[in-house]
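Asker: Sharing a structure here in structure tokens format.
Please treat every number below as a calculation from the coordinates, not as lab data. The shown structure was predicted, so the numbers you read here are calculated from the model rather than taken from an experiment. As a convention, Cβ positions derive from the backbone with ideal geometry for all residues, glycine included, and neighbour counts pool all protein chains shown.
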């Protein structure tokens, strides 16, 4: 092959490469302009949804001691202010009785100082000390009373027991988790959606929810939107409420949702 023929072939290949590169750039540009790439038209596809309880509480031990009453079991219904846990409180009761007795003694001494003051036969220092002693004794009673109150744990709200971590008559340390309580009547939904959906997805938007566990559909509405977009995934969490009866739903159930504004 002559030198002139090689040059002609090289020029032809270069021309083909430039044409292909331009076509590729045009294709990329068309893809960027495609509405499907901005996440709006993809809203027609169902997204994952999870049922959660608005009120949940991990009940922990406020003190170290032995449990003498722990009737709760996983799945039990509880009422607000129902006793969930009771500790052996013998030592705390004794300390409260002692603190009250000390307060009574200090109050009697103050009364004596007040009587002497009325007769103008008192010492200002002794009178001030008696007053301060009553204040200290009053504070000691309050501390002891708090310790006694910590012997009993009541349900913070009505709901159901979702988990238990201990058993009756067990000795636990302060801060140890005892049980979980969830309000199964006040449920909400959580979704994670593309942040670009914020163009049209607002609080009040309607959604149709399908729950896998019940195999039923429910109407729902968006109630609030998280205050932060996840920069890495360009997604945002939104929340909703189910309209109508939720008696057969439990926290943790999941499904899919479609939004009424998905065609925008």
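Asker: Shape of segment 86-200 from its Cα gyration tensor (a ≥ b ≥ c, root eigenvalues): rounded if a/c is under 1.5, otherwise prolate when a/b > b/c, or oblate?
Answerer: Since a/c reaches 1.5 and a/b is larger than b/c, the shape of segment 86-200 is classed as prolate.
Asker: Let me ask something additional. Could you tell me the calculated FRET efficiency between residue 91 and residue 132, based on Cβ-Cβ distance and R0 = 30 angstrom, to the nearest 0.05?
Answerer: 0.60
Asker: Also, quick follow-up: Hey, got the Cα dimensions of segment 213-264 along the principal axes, in Å, largest first?
Answerer: Sorted largest first, the three principal extents are 36, 27, 18 Å.
Asker: When the Kirkwood hydrodynamic radius is evaluated over all pairs of different C-alpha atoms of segment 128-258, what value in angstrom, to one decimal, is obtained?
Answerer: 19.4 Å
Asker: What nm value, rounded to one decimal, do you get for the distance between residue 60 and residue 118 when each label is placed 7 Å out toward the C-beta?
Answerer: Placing both labels 7 Å along Cα→Cβ, they lie 5.2 nm apart.
Asker: Something else: So what is the relative contact order for segment 89-150, in percent, with contacts set as C-alpha pairs under 8 Å and at least six apart?
Answerer: Contact order relative to length: 54 percent.
Asker: Then there is this: Over all directions, the average projected area of the alpha-carbon convex hull for segment 46-112 comes to how many nm²?
Answerer: The Cα convex hull of segment 46-112, projected and averaged over all directions, gives 8.7 nm².
Asker: Taking segment 89-150 as the region of interest, what is the percent of Cα-Cα pairs per 5 angstrom bin, listed from the shortest bin to the one with the maximum distance?
Answerer: 4, 22, 22, 16, 14, 10, 7, 5, 2, 0
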